[in-house]
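**Q** My questions will all concern the structure given below.
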Amino acid sequence: MLFVVAFAALIVSSTLAVAAILAHFMRQKVRIAGVAMAHAFLTVKNITARQVVLKLKRPVIAKIATITEWPLILIDLLTEEGIVGRSYLEPYLAKSMRYLVPALNDLSAMLKGWRVAPIELFEAARKSLHFVGYEGLSMIAASGLDMAAWDALAKAANLPLCVLRLHRASQIIQQQRPMVERTGCCRRRSA
């Protein structure tokens, strides 16, 4: 029992320490090129996708296959402001790279000049690939772009990505609070 209490105290204290660190980052003003800004405003210049196939020292042996090579697609989202957001995709099959890379190249041509706003970029990418479907490879390509956009914003804000995402989530919660209070959907029910 004493061990459980000590373990619980350790979890609570470490959680409070993480919360304090995140609160510190969230209080800091975001600075880009020495100018304080609420959010980074970046513009898509180009998206590049490179294919890499890694040879595994130890193959992955699964019931359906033995995997000796691991394909990766490295994505760079270059901005007009000089910041590069990076992400990668692991399509499992090297054959699928020949479909994903052209999809990412099409997205690059379409999104050139757009503001780097991950949610809007993801929706535009998803909708532009609707003729091939909203699932599978088209969704994988849109997801790789989404990750690169978030990375670019975190680099521009000079914040860890987890802090940027937490800050964004807290903004959404603050925006929703008036509606929740007005509708009363989260009021405690009397017993």
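**Q** In cubic angstrom, how much convex hull volume per residue do the alpha carbon atoms of the stretch 44-157 span?
**A** Convex hull of Cα atoms, per residue: 109 Å³.
**Q** State to the nearest 20 debye the size of the charge dipole of the stretch 44-157 about its Cα centre, where the only charges are +1 on K and R beta carbons and -1 on D and E beta carbons.
**A** With only Lys, Arg, Asp and Glu charged at Cβ, the dipole is about 460 debye.
Values in this text are rule-based calculations from the coordinates and carry no lab data. Predicted, not measured: the structure shown is a model, and the values here were computed from it. With ideal geometry, Cβ positions are generated from the backbone for all residues, glycine too; neighbour counts draw on all protein chains shown.
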